[in-house]
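Below you'll find the structure, written out as structure tokens, and then a few comments.
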Amino acid sequence: MARFIRITSCVFLVCVAGAAIAEPQYAPDREADILHITIDVTPDFKNRTIAGTTTIKFAPISKPLTEFRLDAADLDVSSVTSNAKIEGYTATDKAITITFEPAVPVGAEATVTIIYEAEPKQGLYFRTPEMGYPEQDTHLFTQGESHTAPHWYPNYDYPNERSSSEVICRVPEDMTVISNGRLVSEQTDPDSGLKVVTWLQEKPHVNYLVALVAGKLKKIESKYKDIPIAFYTPVSLIEYAQNSFKDTADMLEFYEQEIGMPYPWDKYDQAVVRDFVAGGMENTTLTILTEGTLHTNDTENIRSSQSLVAHEMVHQWFGDYVTCKDWSHLWLNEGFAVYYEKLYDGHKNGHDSMLYGLYQTASWVLSDRPVHKPIVYRSYSMADEQFDYRAYQKGAWVLHMLRTELGEEMFRKCVKTYLKRHALSSVVTEDLRSVIEELTGRSYDRFFDQWIYHGRHPDLKVGYNWSEKDKLAKISIEQTQKVTEKVMLFHFQAKVRFIIQDKLIDREIFIDSKQHDFYFRLPDEPNVVRFDPDYGLLANIKFEKPTVMLYQQLENQDDVIGQLRAIDALKEKKDKKTVEKLKDVLNNDPFYAVRRNASPTLREIHTNEAFEALADSLVQADARVRQQVVRDVSSFYRSVTLTLLKRTLRNEKNPAILEVAIRNLGLYHHKSTRRLLLKYLQSVSYRNELATAAIEAIRMLDEPFFIVPLQRVLDERETDFRSWPFTRGLNTLAHIARNEDDKTKVRNFLAGYVNHPKNRIQAGAIGALGTLGDPKAIPIVETFSNDEPDDNIERSAERALKELRQRKQLVPDEIVRLRETVDEFRKETDKLKNDLDDIKKRLDAKEKTVEKEDKDETADSNKDTPPDKSEEK
């Protein structure tokens, strides 16, 4: 699954000293084998509800089954039936528990059928005109990962269980239905007049991969070999589909060859939906994508769907064909998807492009963090906490290190064997390790222990010294990371490359302690020394070397990573010669990524010469480089910068570059800036992106002058914005009005959106009231508050209340803290009261049961015992 970088898309928790660590999480027991699940659903688009009938076929595994528990979130159950004898069932807001009497025996197959209705808040999402979406684009979609599928049908919701599935959906005749597997039938129900569409996924897959998209859709289609491929969008977006769809067949061909296994399913569909909850989701045979992946040709090569489409497609093998047994092994899904996404980039755009992708990925992993959890980590509270850099970027780098060490052919052999051996099953990390050891004959315990089961990465301080007298090159290497029980002292093999007059001399070294000194006899002093020249080690490397050596490394166009590392090292230099070298690279290097990276380095040098170098380099043929130069020029605060930005806005046609220029107008308080921002705020563009950029600039300027025009645009043109940018607009309005004496108009305007049918806008409006800081909004926000917030709305309300109470006039900090303490005490008291009430109810129930049993026993005793006549005598 591709997650947004924005924090809203996944949960990141930071453990601090003294904080409680969550209990280790493990896969639950499987008491029954789910054999097949049939979901028959009729959506009511106007009311955003569903009527469903789900039938589950199962068989007890090791002992007779008395109770069968299914995950079911807020389903209104009307009946439960079975071909086995049911004693009864209970339905809560989290589960349905069915009791059998007698127990279903081992070896027997049984079915249960649950009829229910639901108004899903998660798992299944409507996009309708009542919610502010175009009527012609009416549709719904589902999202099961990690645990949201129970909101629209009952199931066993954990990835250590697989079954075949059948999805039946009943919709108006003008709608399209797509789901997993192959299309079985499409016919009209004569009684309801609805179109009944049936999809069957015959090969077993895990529950979170069951998917449904239904509504007013259009498609473009093609074929790879005998595999049908199609790309669906809401009706109004179909003209942009080809840009995202065009490489699909090529990707399938590449992955079949690289992985060594044919595509394992019946077809491959991709569906774009409005306001998707993530970037993309790899449901079996049906990937669902964000509309944000669609783009126009006007953005040239800046916007592309390649990485997202490639990432989700790889999951059809890694994540769907084999699936992590539990969320601690999530990297077996996501790490493979990220890495093979980079491999396809290398196939499509060249090896240097793949290396650059890995370089960017490593930069994310190597960022300094207070906590370094291992990739395989069980002490999480919620599954979503696992969807971070460890599973994605670091997981990809583990695979890259393995491929570098094993060699491409052995790596492919290991991966192919791993997939075949565990086809259509759930896997753990040891399944991959054991295959590698079996095929190579080598132990990989230490490799997996330090990279997978322990946290962090090595921090290396590399030194170089040349002795002309002895013709010896000295390489010193020190591991500087703090070694703890959670972070190991790393053992790894590496390479040092010496370049002497274009001749390459490579030497292998092995690191197994904190400090090493290596000596190499060479014919002459090298002009370039490179550590890890093949780029096969994930490490933070600080390699201080002479500036002249960095210059020669910068000019070596056969070593892209060497160039990128030289550029990074030259940030510390502020002399004119370095600026000249970087300017030359920015304008003349043949690889766009090298040119692109030279620009932010000039920005960081931040001298007058660096500014002039950037200003002289605004004309770039490659749009990606041109955009970066515009961004970096803007970071120099001077009057000529505003002139350059205005020139860009006059001459530039690419909207992605215009966005950057518009946003950076927010650095300059000037009458002309106001005029330009008003112009772009009211402009019409694809997805209203230029107006969105103007809103960001307005936030930076923080001028009350924009309150009225911004409020007018938000009021009159809501439907022109996507949900997140509109929400950002609401928050910007609140931000620039927060210091006004009278906030009434803005408060009332924002309050008008707190019941908006779009969840994101509703949560955003509540959050904006917190940003506004008007204490009069407290009663509004309190209506959405919950002692234990469990959705976006309630969490947004809690944050907003905290802001509002802190801003409330005439309330000292001590009272604010006291109020918070009282709130916490009230929560604990309410919880204790509920627990006591529950215990009392249980005791009452037990007492009544005992009394009844005593009476029954007495009655039975009186029946069976002859009367005692002694009392009469």
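The values are calculated or read from the model by the stated rules, or taken from the named source; none is laboratory data. What you see is a predicted model; the values in this text were computed from it and never measured. Cβ atoms come from the backbone with ideal geometry, glycine included; neighbour counts cover every protein chain shown. Surface accessibility is based on the protein's heavy atoms, side chains included, excluding ligands, DNA and RNA. Shrake-Rupley method; radii C 1.70, N 1.55, O 1.52, S 1.80 Å.
Annotations for the structure displayed:
- Considering residues of the range 110-143 that are under 19 Å from ILE178 (Cβ atoms) and among the charged types (D, E, K, R) only, the residue most open to solvent (accessible area, probe 1.4 Å): ARG127
- Restricting the range 270-325 to residues that are among the hydroxyl-bearing types (Ser, Thr, Tyr), open to solvent by 10 Å² or more (accessible area, probe 1.4 Å) and assigned to a loop (DSSP other than H, G, I, E, B), the residue that is nearest to LYS342 (Cα to Cα): SER304
- Members of the range 432-479 found to be surrounded by 13 or more Cβ atoms within 10 Å (Cβ to Cβ) and in a loop (DSSP other than H, G, I, E, B), listed by number: TYR444, HIS454, GLY455, ARG456, HIS457, PRO458, LYS471
- Here LEU570 passes the criteria (1) without any contact (Cβ under 8 Å) to a residue 60 or more places away in the chain; (2) in contact with a Ser or Thr (Cβ under 8 Å, 6 or more places away or on another chain); (3) over 30 Å from VAL633 (Cβ atoms) except the one numbered (3).
- Criterion: touching a strand residue (DSSP E or B) at 6+ places or on another chain (Cβ under 8 Å), over 19 Å from LEU564 (Cβ atoms) and surrounded by 14 or more Cβ atoms within 10 Å (Cβ to Cβ) - qualifying residue of PHE520, PHE531: PHE520
- Answer residue from the range 176-195, given it is in a loop (DSSP other than H, G, I, E, B) and among the small types (Gly, Ala, Ser) and is nearest to VAL272 (Cα to Cα) among those: GLY181
- Unmet criterion (only one of (1) part of a loop (DSSP other than H, G, I, E, B); (2) open to solvent by 40 Å² or more (accessible area, probe 1.4 Å)) for TYR158: (2)
- Selection status of ARG412, part of a helix (DSSP H, G or I), modelled with pLDDT of 95 or more, out of contact with any strand residue (DSSP E or B) (no Cβ under 6 Å at 6 or more places or on another chain) and open to solvent by less than 50 Å² (accessible area, probe 1.4 Å): no
- Residue match in the range 126-133 (condition: touching a Leu at 6+ places or on another chain (Cβ under 8 Å) and either of a type outside the set (D, E, K, R) or under 22 Å from LYS94 (Cα atoms) (or both)): yes
- Of the criteria (1) touching a helix residue (DSSP H, G or I) at 6+ places or on another chain (Cβ under 8 Å); (2) part of a helix (DSSP H, G or I); (3) of a type outside the set (S, T, N, Q), which one PHE490 fails: (2)
- Qualifying residue in the range 210-227 (condition: under 30 Å from HIS347 (Cβ atoms), part of a strand (DSSP E or B), in contact with a Lys or Arg (Cβ under 7 Å, 6 or more places away or on another chain) and without any contact (Cβ under 8 Å) to a residue 60 or more places away in the chain): yes
- Being surrounded by fewer than 17 Cβ atoms within 10 Å (Cβ to Cβ), in contact (Cβ under 8 Å) with a residue 40 or more places away in the chain and not basic (Lys, Arg) holds for only one residue in ASP247, ASP174, and it is ASP174.
- All conditions in (1) assigned to a strand (DSSP E or B); (2) hydrophobic (A, V, I, L, M, F, W, C); (3) over 28 Å from ASP720 (Cα atoms) hold for MET261, with the sole exception of (1).
- Across the range 690-735, the qualifying residues are those that are acidic (Asp, Glu) and at negative phi, and the one among them that is most open to solvent (accessible area, probe 1.4 Å) is GLU716.
- The range 174-191, residues that are under 18 Å from ARG127 (Cα atoms) and not hydrophobic (A, V, I, L, M, F, W, C): ASP174, THR176, SER179
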